[in-house]
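Dropping the structure in here first, questions after.
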Amino acid sequence: MKIDKKLIKELKDYLDEFGLSEIEYQDGSKKIKVAKNSIANTDVTAHKPSLKNIKEKESGTKVISPIIGTAYLAPEPGGKKFVEVGQKIKKGQTVMIVEAMKTMNHVPSTESGEVKKILVQDGEAVEFGQALVLLK
């Protein structure tokens, strides 16, 4: 099998451009996975300690991101947001969408409750396991 260095470089560039830790590409039987080493990932997250500590100190139920992607608070640009602060929501209700590789993934609430705080901005890149919404 011949190694496609151009494709690997392109995938590496996507890692940097979108702030990803790994990316996988498949075309038929050819499958390529490019990942950053864990030391580099630790350094990247170390730049956000104050924001992370603030989020950890807040009490309540956190709805977390199931994937890495871009968070959207409404189903379309300029549309009505899925949830607002102070709104009572039910378990399973969509709180936002996380887009990953042109796929829109609805993020459901894990509990019923009242939205205490929305922890991300519309269009913000989010990580797997990152808290998105805080419920009372």
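Coordinate-derived values only; no laboratory data. In this text, all values refer to a predicted model and were calculated from it rather than measured experimentally. Glycine also receives a Cβ, built like all others from the backbone with ideal geometry; neighbour counts cover every protein chain displayed.
With a cap of 11 neighbouring Cβ atoms within 10 Å, and only residues DSSP puts in a loop, list the trypsin sites (Lys or Arg not before Pro) found in the stretch 2-37.
K2
If you look at just the Cα atoms of the stretch 60-135, how large are its Rg and its Dmax in Å?
Spelled out, the Cα radius of gyration and Dmax of the stretch 60-135 are 11.1, 32 Å.
I've got another one for you. Go through K102/K136; K9/K31; K91/K117 and tell me which ones have a Cα-Cα distance over 23 Å in this structure.
Distance filter (> 23 Å) returns K102/K136.
As an exercise, use a Förster radius of 25 Å and the Cβ-Cβ distance of A35 and I3 to find the FRET efficiency, rounded to the nearest 0.05.
It comes to 0.95.
Return the whole-Å distance between the Cα centroid of the stretch 77-100 and the Cα centroid of the stretch 105-131.
About 8 Å separates the Cα centre of the stretch 77-100 from the one of the stretch 105-131.
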